[in-house]
Amino acid sequence: MKVEAPTLDRSVDHDMAMRRPARPDGMNGRSPKPLKAAFLAIREDLERRSREWVTVAHLVEQNRLHLAAAEIERDAAYKLLAEIVPTVEETARALKSAMETNKDSDVPGDLKALFDNSDRALERLERVASDLSAQLAWCRSTWEQYSSTVEREKELRAQMLGNRGA
């Protein structure tokens, strides 16, 4: 005599599957991999944003220091300019006066020393003007870098505050 194994009705299989207790991890049959990947992506994004924020904050501070140094150098160049301009004007007046006086004379005087003084003052003025131009270019470049990093910092702050409300 042959004994056949009882067959279960498909509806019984379905009912048993429906009565299966929930998984302890709360996934209820779903794989934990997508959720883990989502959390990893969020963590990586937060780490990236955090590094970017710190980098921009350091850049703002570094650019602020460079800007301060550029401003000090620029101010020093303007101070030299303010010192040399009166010297240039004085040597020019002395030379002009001596030339006017000697024009009417039958025996022109020796104005070599006055020309040399005026020439040295103008050469110094030229060096100061050249230095001042370079300082101004440095100051401008440093200001533009500082300004752009401050704008980037504002953008990051706005993003952070915007995400806070989401």
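The values are calculated or read from the model by the stated rules, or taken from the named source; none is laboratory data. Keep in mind the model is a prediction, meaning the values are calculated, not measured. All Cβ positions, even for glycine, are placed from backbone atoms using ideal geometry, and neighbour counts span all protein chains on display. With ligands, DNA and RNA removed, areas are computed over all heavy atoms of the protein, side chains included. Shrake-Rupley method; radii C 1.70, N 1.55, O 1.52, S 1.80 Å.
Here the accessible area of region 44-141 is 56 percent carbon and sulfur, with a 1.4 angstrom probe and all protein chains present.
If R0 is taken as 22 Å, the Cβ-Cβ distance between A69 and V150 corresponds to a FRET efficiency of 0.80. Cut-off under 20 Å on the C-alpha distance; same-chain residues fewer than 8 positions from K103 excluded. Which lysines are left, in chain and number order? Filter leaves K112. Here K36 is the anchor, and the aspartates and glutamates within straight C-alpha reach of less than 17 Å, apart from those fewer than 8 places off in the same chain, are D25, E44, D45, E47. Net charge around R152, counting only other residues with Cβ within less than 15 Å of its Cβ (Lys, Arg = +1; Asp, Glu = -1)? Result for the neighbourhood of R152: 0. Other residues within the sphere of radius under 14 Å centred on the Cβ of T87, judged by their own Cβ, net out at -2 (K and R +1, D and E -1). If you take all other residues with their beta carbon under 13 Å from the beta carbon of L67, and give Lys and Arg +1 and Asp and Glu -1, the sum is -2.
With both labels modelled 7 Å from their Cα along Cα-to-Cβ, the A94 to D106 distance reads 3.0 nm.
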